[in-house]
Ligand SMILES: [Zn+2]
């Protein structure tokens, strides 16, 4: 199983897109999250896998198009309640293989697909998949519903204030407390 996975990884890193296109190939497999070294430091847990498939085809103007799907569930830390939560990603995108020579000639760059550079006859699709996962991450990781944060022990401001007041009532009276009253109370 492990060797199967590493085979898929090395296959993604080193693809001859034109040959795959001519043969009308599709590839699919699992990528271990821990092997994605730019993504994994941003996650709360690096266990698990991303499932990906790539279909190679030629479009009407004979470009080599790669249709990619990625599906995974990443563990992020909510920045509001600091609990970990699952963030699901299910994306499809298309890239077009371009030669080094095309990169310098903007006219021949596809404007309807993201380009993927062919170097010495090969593309690194793993890098592109990792880029896409990075782009899919939220700007600030947070439970979508604040109720989920409350469930994890997060207190909204007014709740926290109520708790604080309760605590204060139980605490011995501090003679200096009056002096420390927050300015807000004077409103
Ligand atoms: Zn939360």
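See the values below:
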| quantity | calculated |
| --- | --- |
| Label-point separation in nm, residue 23 to residue 59, each point 7 Å along Cα→Cβ | 2.4 |
| Proxy reagent accessibility, fewest Cβ within 10 Å first, across 136, 73 | 73, 136 |
| Ranking of 82, 126 by count of other Cβ atoms within 10 Å, fewest first | 82, 126 |
| Potential extension, residue 11-residue 131 segment - 0.36 nm per residue separation minus Cα distance | 41.5 nm |
| Enclosed volume per residue, in Å³, of the convex hull spanned by Cα atoms of the stretch 2-147 | 127 |
| FRET E, pair residue 88, residue 168, Förster distance 45 Å, beta-carbon r, rounded to 0.05 | 0.60 |
| Mean-position separation - Cα centroids, the stretch 76-92 and the stretch 35-63, in angstrom | 18 |
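Taken together, the values in this text are just the output of simple stated rules run on the coordinates, not laboratory data. The structure presented is a predicted model; accordingly, all values stated were derived computationally and were not measured. Because the Cβ atoms are built from the backbone with ideal geometry, glycine has one as well, and the counts that use them run over all protein chains shown.
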